[in-house]
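Novice: Below you'll find the structure I mean.
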Amino acid sequence: MGNSATSTDNAGGTNDVRLYTEIRPEQWPIIYSPEYDISFAGLERLHPFDSCKWSKVYRFLLESGLITKDTITEPLEVSREELLEVHTPEYLDSLNSSSTVATVVEIPPAAIIPNVLLRNRVLRPFRFHTGGTVLAGKLAKERGWAINIGGGFHHSYGEEGGGFCVYADITLSVKLMLEKLGISKVMIVDFDAHQGNGHERDFWHDERVYIMDMYNKWIYPGDHQAKGHTGPCVWTYEWVWFLVCGTGHQHTYPVTGFLNVAAIKKKIELDIHTSDEEYLELVRIELPSALEEFTPDMIVYNAGTDIMVGDALGRLDVTPEGVIKRDEIVFREARSRNIPIFMVTSGGYQRTNARVIADSILNLRAKHLISAPNEDSHIVEQLRVEGITLEDHGVGGANEDQ
């Protein structure tokens with residue numbers, strides 16, 4: 001498998017980020033590790049998530065001929081020191097308890113498994129996923145796009161995890177991009193069926209990060225605080241006239257109140273059983289609108305496939321074809337604007353998800369929205385020319401080739 005174990009050493013501060021590894025010119029910015037799959041004594045089957053879907057996506061891409069074992073990019077495992085950039089020591093220490101891990105991954109019987117086994121069979125794979133999401137940011141900056149076949153654990157945040165999300169991979173990737181890659185503004189486009197409350201809690205106060213989240217409003221996590229954070233604040237009015245015993249006096253007067261900060265800058269809440277027509281129309285309208293409101297230096301695309309019809313947790317009715325079209329729209333909007341983008345695969349709770357993810361990546365290649373190594377210098381100009389005739393802000397109509 002492609003070896004990416006050489007750290008970069010260039011301007012912009014990337015040389016001190018161990019996870020920012022170099023890849024060879026012939027390698028694709030498609031990231032995967034054989035360590036991604038999660039299994040522990042068969043108990044993973046007690047959760048509806050297909051914890052082996054990542055190796056299936058990789059195998060489908062190999063069989064298609066898009067990649068080879070030598071052209072895939074393999075990430076490094078994130079370390080505790082690196083995780084402390086976003087997580088508290090108390091949270092990371094709590095993962096030494098099997099009951100905590102069982103709660104986070106939503107598999108109660110895991111609480112009786114020795115923690116050393118959970119560290120090796122559960123936490124270690126999540127650390128490789130996190131390394132992959134971090135590396136995706138660096139490769140997208142260099143190549144214009146990247147795809148982590150794993151990652152997208154958007155319910156984890158600094159103080160805790162949950163919803164089968166142990167580490168805040170998106171938060172760590174965004175934080176390092178802002179600090180080390182010369183990127184000043186990031187847009188997170190979260191199209192998983194569930195609200196991305198983890199990165200919302202981590203970035204609610206950060207104006208450099210714009211979050212667009214479209215999710216089923218009736219399902220987990222229903223995190224109202226993350227939707228619009230409310231916290232105490234103090235205003236000081238240098239000179240405020242007020243009456244004391246009927247006499248006006250000048251004072252410096254601190255006024256305490258509550259400030260509501262919208263963590264989600266573009267919030268689209270869906271009803272149960274939303275299907276292709278309504279869903280894709282919202283993507284076509286709202287994504288260009290967000291990009292007109294906020295022009296990022298990078299788009300992080302959380303491309304959950306739990307929006308598919310039949311998903312017992314997502315409870316939406318988007319077809320596999322609709323998922324593929326959604327991803328095409330997102331990449332077309334980013335690439336036609338010359339905005340680097342990387343994708344993580346996030347949630348999806350059916351055995352068919354891996355095939356759909358692979359088919360979507362192959363469709364992006366067929367539509368020239370992701371480019372083979374050494375093609376990147378031509379793709380943006382081609383998209384700009386094509387964009388002149390595309391409808392709805394660079395997106396084809398509903399009858400565009402699927």
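The values are calculated or read from the model by the stated rules, or taken from the named source; none is laboratory data. Quantities reported herein were computed from a predicted structural model and do not represent experimental measurements. Note: ideal-geometry Cβ built from the backbone for every residue, glycine included; neighbour counts use all protein chains shown. The protein model used for the area step is the full one, side chains on, heavy atoms only, and it has no ligands, DNA or RNA in it. Shrake-Rupley method; radii C 1.70, N 1.55, O 1.52, S 1.80 Å.
Novice: Search segment 44-54 for residues being open to solvent by less than 40 Å² (accessible area, probe 1.4 Å) and either modelled with pLDDT of 95 or more or part of a helix (DSSP H, G or I) (or both), and hand back the single one that is farthest from Asn148 (Cα to Cα). First the steps, then the outcome.
Specialist: Step one: list which residues in segment 44-54 are open to solvent by less than 40 Å² (accessible area, probe 1.4 Å), which gives 44, 47, 49-51, 53-54.
From the residues that got through so far, the ones that are either modelled with pLDDT of 95 or more or part of a helix (DSSP H, G or I) (or both) too are 44, 53-54.
Working: Glu44: 22, Lys53: 13, Trp54: 10 Å.
Residue satisfying both the conditions and the ranking: Glu44.
Novice: Applying the selection to segment 268-288, what residues are assigned to a helix (DSSP H, G or I), open to solvent by 50 Å² or more (accessible area, probe 1.4 Å) and of a type outside the set (D, E, K, R)?
Specialist: Scanning segment 268-288 gives a single hit, Ile285.
Novice: While we're looking at this one, here's another question. Within 19 Å of the chain's Cα centre (by Cα), within 24 Å of Ala193 (Cα to Cα) and open to solvent by 40 Å² or more (accessible area, probe 1.4 Å), is that true of Leu362?
Specialist: It is false that Leu362 is within 19 Å of the chain's Cα centre (by Cα), within 24 Å of Ala193 (Cα to Cα) and open to solvent by 40 Å² or more (accessible area, probe 1.4 Å).
Novice: When the residues of segment 327-350 are filtered to those that are open to solvent by less than 10 Å² (accessible area, probe 1.4 Å) and among the aromatic types (Phe, Trp, Tyr), which remaining residue is farthest from Leu280 (Cα to Cα)?
Specialist: Ranking the qualifying residues of segment 327-350, first place goes to Phe342.
Novice: So, one more: Could you grab me the full set of residues in segment 289-334 that are touching a Gly at 6+ places or on another chain (Cβ under 7 Å) and part of a helix (DSSP H, G or I)?
Specialist: Result: Arg332, Glu333.
Novice: Another question, then. Suppose we filter segment 145-171 for residues that are more than 14 Å from Thr345 (Cα to Cα) and either surrounded by fewer than 24 Cβ atoms within 10 Å (Cβ to Cβ) or modelled with pLDDT under 95 (or both); how many remain?
Specialist: Total satisfying the criteria: 5.
Novice: Follow-up question, since we're still on this one. Please work out which one of (1) open to solvent by 10 Å² or more (accessible area, probe 1.4 Å); (2) under 23 Å from Asp297 (Cβ atoms); (3) in a helix (DSSP H, G or I) is the condition Gln225 fails and give its number.
Specialist: Looking at each condition in turn, Gln225 falls short on (2).
Novice: Working only within segment 84-101, note down all residues that are out of contact with any helix residue (DSSP H, G or I) (no Cβ under 8 Å at 6 or more places or on another chain) and part of a helix (DSSP H, G or I).
Specialist: Residues satisfying the conditions are Pro89, Glu90, Tyr91, Asp93.
Novice: Would you pick out the residues in segment 131-150 that are closer than 13 Å to Leu181 by Cβ and in a strand (DSSP E or B)?
Specialist: Ala146
Novice: Something else about it: Looking only at segment 292-326, which residues are open to solvent by 10 Å² or more (accessible area, probe 1.4 Å) and hydrophobic (A, V, I, L, M, F, W, C)?
Specialist: Correct list: Phe294, Val309, Ala312, Leu313, Ile324.
Novice: When the residues of segment 258-267 are filtered to those that are open to solvent by 60 Å² or more (accessible area, probe 1.4 Å) and modelled with pLDDT under 95, which remaining residue is farthest from the chain's Cα centre (by Cα)? Can you show your working first?
Specialist: Looking only at segment 258-267, we keep the residues that are open to solvent by 60 Å² or more (accessible area, probe 1.4 Å), and these are 258-260, 265, 267.
Add one more test, that the residue is modelled with pLDDT under 95, and what stays is 258-260.
Numbers: Phe258: 30, Leu259: 27, Asn260: 24 Å.
Taking the candidates together, the pick is Phe258.
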